[in-house]
Amino acid sequence: MKSLIGWGVKPVDSHVNEKNDKQWSLVQKLFLGLTPGQYLGQALRNPFNWILGIIFAVGLPLIVYRFLFGLGAVTHASNDYPWGLFLGFGLFVMVPLSASGFLLGTTVEIFGRHDFEPIERLALLNGLLGYLFAVVYLLVDLGQPWRLPYPMFVSFGPAAVLFLVAWHVATYLSVQVAEVSVAFFEWIGWLGGKRFIRRIAIGLTVSGIILSTLHQGALGALFNYAPGKVHPLWFSSPFQWIHFFCSAIPAGLCMVIVVSTIIKKTMAWRCDSNFIDNLDRLTLGLAKGASMGLITYLVIKFIGVAHDNEWAYLATGWGAWFLFEMAVGVVLPIMLFAYAVRHQAVKLARIGAVFTVFGIALNRLNTALIAFNWQLYQEIPHVFEVIIAITLFAIYVVVYRFLLYRLPILYSWKALPEEAFAAEAAKAAPVKISGSPVGAMYRKID
Amino acid sequence: MSAKLILTTLTMVLTFITVGNLAQAADMPDQVSIDAMSVLFEGVEFDHAMHTELGEDCSACHHHATGTGTTDERCVSCHANSDEVASVGCRSCHASEPFSAEHINRKSEEIYKFHIDMPGLKAAYHWNCIGCHEEMDGPTGCQDCHARTPEGDAFYHSDASSASTSGKSGH
Amino acid sequence: MSGISRRRFLAASVAGCTATALAGPRKALASGSFTGYPDSMGVLVDLTRCIGCRSCEAACNKEQQLPAPDRPFDDKSVFDETFHGGTQKRRTDENAYTVVNRYDTKDAGPVYRKVQCNHCSEPACLSSCFVNAYTKTPEGAVIYKGNVCVGCRTCMVACPFHVPAYSYSSAIDPVVKKCIFCYETRLKKGLPPACVDICPQEALTFGKRKDLIKIGQQRIQTNPGRYVNHLYGEKELGGTSWMYLSSVPFEEVGFDPTPGNEPIINHVKDFLGTVPMVLAIWPAMFTGFHLLAKKQADHDDHEHDAEKQHGDEGGEQ
């Protein structure tokens, strides 16, 4: 893509083709304004696509194999370890990393921190895709995925935590689809839809907070069903849901830092100056938020240990593993963030974010798999299970990239003059973007 | 085999000793057939005469029922001098269906009576016979006393390959 | 409060109220505690009586029409099988709803322990099931409807006894599998389960749970030295319909010695209790935050300008 831009090709960012003043068709928009040949060429030149190709070549047949021959054929999920990587990673890791949507939504819409707007859409999309793929992982893991609607429509178990998770994730997914649809409506050029969503934005955001609080917590509360199975250092009956909810805050924020860093490195052509120029400042802002979350999390983790008087476990091998998780995933990022914020060292903040994401992911894997059944034996996932988990993650990356390439997430959609007028009528203060003939920015620039 | 059949028989050899009144030694049977419920296993031909010679006294098997007294410390307080009962056959006291609804309800009503935990007939045999056989080096294997029937072989899946090492039970 | 912000507030409140309505039955079911049906049945398993003949396994296999075993049911060599580096003995699975394991103890020699569903008074599997597949019947059995099982396997995670198994081998219709106390074929008709019926030793005593507790206590009292002074399952995890007596400490024969007497659901009630609170408080609180932020913020967001003007006139509540 970079080389194409070097040759003077400009990816679609408005309804009108600057070269011939015609409206882009939907198909042309899908190809980013490139000819199919150009598009295919850039795709083939990207070595990352070749890696993805290899993953899909191995992984997709295995997914088919899983549905033909059952879970037993591809996983080590057993009667003792009912949950393997698909849920341990796909559900319990993906969901906290997707807390970004409600966090940035709250920051911008509720607390009125509109200086975070350039990254809000990325956070919303990150949230939506994380949840969507948590559900995809779930569908692969469920014994009878075609019965997923049962708790909604057929047979209700309202006293079960999972019932709450199912309802809230489903509802929240729709909320997030609505939130992200603003970008989609801009892209297809349907202003009515966009205006409607903007009007209910506060309602959506508040329901997002409620639903997120509850199901992030509920994922933790799921382990309240297995108080004797999870190692006491990773389980605290009264605080489990708060631990999960609280750690989801830095996890979601840091995931946005990590994703935006990758975008900056690999997809700079798609970002506008509003995104790129603000990114360093926003990264530090997110890091500040994340470090508050991490400090709180660290404190309540140790309150959990103190509450159940589990200090003795810290001296065991499990204790060392626990302290490693806390040191690398919580304490180290706190220190990195503190230094980064004080010295404006964005790079350190980004490294801290990677450690945080790693730390929270490790925490979830520990709770769901490694420290689960700690009194029995350790289960090692089947190699097919690992490959399928990686394949699903690769699909997640591809979908993520597909949307970032197209929807105005990282860049602002340049509205048509009549739309700009409409926007102006709605008290917009259009900002001129230099060098753009169409010109009027629909979205606000900070 | 019908469920009812299994239900009533599943078992090892069982059931009632067709013995009359043991009021006098002369009434003692020499041979007792324990076979009424035998389906999975053949019946047992119990050599009563031989066992009476081996036994120290009747109470070893008949508790206080034969009126010969008992030395069991749990029983002596009431039954040290109990009279002989009308029928001393095992099944007179030990129910062949100890878990029938009728039996369980009666148990529930009489829960404070001492004998509420009396074993059923099948258990009474097995405990008494095997317990003593272990002490006296008598036969203790299932088929040492009663041979398994073809139904029993099917029930235990004796045709399943013993060589197989990967048991399905487990993981 | 302005029209627009009121509308937004209402939108948030409606979302909250809808969710509260959803949460209503959840709370109702979560509160209170249940100590079991008065006349529920149970089984007292006396480990001192079990001789490891495995007849109960055979009876279960036949009664529940399970697949033929790999080895005959009178093959005692299965007791030497171990799994996962020698750490695990046989367990229940989709082909065996009950198994007997041998433990070589120091004091009492070989002790055999039968494993099956203990049919808890407040079953964790039941409370964790989001399609309500499980039922605790008044007779005491914990049964389930396989035809609604989605296959999330939370019940298996929840079961403190590692009992429910899953038919992982099936691609078309995998469901949870476990002992159902022979509910359909026997218990419902007042008959003992097949394993109890076959047991040559009466190691399994079938009866009303409340009577079995008395019988168990009586056995401990009248046989000094024979039993450890504990009826496992009388109080554990809120009580189970199947209870155990043992001659050796329970942890020596594979029991979790300290499961606690709280039913599993009690660990979840606190969280379930916070759900309606969050649903009720969050909408008002965050809408309030929003209005507060709007009043003080001097931002230039065109999207919110109209609202801001009105918001200044209106209250913050």
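Summary of computed values
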| item | result |
| --- | --- |
| Average beta carbon contacts from partner chains per residue of C:121-133, 10 Å cutoff | 5 |
| Degrees between helix A:317-326 axis and first principal axis of chain A (Cα, 0 to 90, nearest 10) | 20 |
| Tail beyond 16 Å, pair distance distribution of the range B:49-97 (Cα, percent) | 42 |
| Peptide-level mean, for C:218-229, of C-beta atoms on other protein chains within 10 Å | 1 |
| Vicinal HN-Hα couplings computed from phi for the range A:80-89 (Karplus, 6.51 cos²θ - 1.76 cosθ + 1.60; Hz; Gly/Pro x) | 7, 10, x, 9, x, 5, 4, 8, x, 9 |
| Occluded residues from the range A:105-128, i.e. those whose accessible area drops by 40 Å² or more once the chain is not alone (1.4 Å probe) | A:Ile110, A:Phe111, A:His114 |
| Chain A, dipole about Cα centre (Lys/Arg Cβ +1, Asp/Glu Cβ -1), debye to the nearest 20 | 960 |
| Sparse-neighbour loop sites [trypsin sites (Lys or Arg not before Pro); the range C:63-129; at most 11 other C-beta within 10 Å; DSSP] | C:Lys106 |
| Amide proton proximity set for B:Phe41, modelled H, under 5 Å, gap of 5+ | B:Thr149 |
| Interface area, B with C, accessible, probe 1.4 Å, both sides summed, Å² nearest 100 | 4000 |
| Buried solvent-accessible surface, both chains (C, A), 1.4 Å probe, Å² to nearest 100 | 6400 |
| Residue-count net charge about B:Tyr156 - beta-carbon cut-off 11 Å; Lys, Arg +1, Asp, Glu -1 | -2 |
| Cα gyration tensor, the range A:84-413 - rounded (a/c under 1.5), prolate or oblate | oblate |
| Ellipticity estimate at 222 nm from DSSP helix runs (n ≥ 4, -39,500 (n - 2.57)) divided over chain A, nearest 500 | -20500 deg cm²/dmol |
| Ordering of A:232-240, C:202-210 by burial proxy (mean other Cβ atoms within 10 Å per residue, highest first) | C:202-210, A:232-240 |
| Rounded percent of accessible protein surface that carbon and sulfur make up, chain A, 1.4 Å probe | 72 |
| Share of carbon and sulfur in the accessible heavy-atom surface of the range C:41-262 [1.4 Å probe, %] | 50 |
| Amide H partners (placed H, <5 Å) of B:Ala95, local residues excluded | B:Leu121 |
| Amide H contacts of C:Tyr232 (H built 1.01 Å from N, under 5 Å, at least 5 apart or other chain) | C:Tyr244 |
| Nearest 10 degrees, 0 to 90: helix A:161-188 Cα axis against chain A principal axis | 10 |
| Rounded tilt (10° steps) of A:36-45 against the dominant C-alpha axis of chain A | 40 |
| In Hz, Karplus ³J(HN,Hα) per residue of the range A:385-396 (6.51, -1.76, 1.60; θ = phi - 60°; x = Gly, Pro) | 4, 5, 5, 5, 4, 5, 4, 4, 5, 5, 4, 4 |
| Average beta-carbon neighbours from other chains, 10 Å sphere, peptide C:266-279 | 6 |
| Residue-count net charge about A:Asn373 - beta-carbon cut-off 14 Å; Lys, Arg +1, Asp, Glu -1 | 0 |
| Of C:Lys145/C:Lys208; A:Lys194/A:Lys264; C:Lys106/C:Lys178; A:Lys229/C:Lys114, pairs whose Cα-Cα distance is over 23 Å | C:Lys145/C:Lys208; A:Lys194/A:Lys264; C:Lys106/C:Lys178 |
| ³J(HN,Hα) computed for each position of the range A:355-370 - Karplus, 6.51 cos²θ - 1.76 cosθ + 1.60, integer Hz, glycine/proline x | 5, 5, 4, 4, x, 6, 4, 5, 4, 5, 5, 4, 5, 7, 10, 6 |
| Protection proxy ranking of C:233-243, A:388-398 - average other beta-carbon atoms within 10 Å, highest first | C:233-243, A:388-398 |
| Percentage relative contact order, chain A, counting C-alpha pairs under 8 Å, at least six apart | 23 |
| Those GluC sites (Glu not before Pro) in the range B:102-137 that DSSP places in a loop and that have at most 15 other beta carbons within 10 Å | B:Glu110 |
| Total formal charge among the other residues, if their Cβ is under 12 angstrom from that of B:Phe41, Lys/Arg +1 and Asp/Glu -1 | -4 |
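The values are calculated or read from the model by the stated rules, or taken from the named source; none is laboratory data. It should be emphasised that the depicted structure is a prediction, and the values quoted were computed from it without experimental measurement. Please note: Cβ atoms are built from the backbone with ideal geometry, for glycine as well, and neighbour counts cover all protein chains shown. Please note that ligands, DNA and RNA were not included when accessible areas were found on the heavy atoms of the full protein model with its side chains. Shrake-Rupley method; radii C 1.70, N 1.55, O 1.52, S 1.80 Å.
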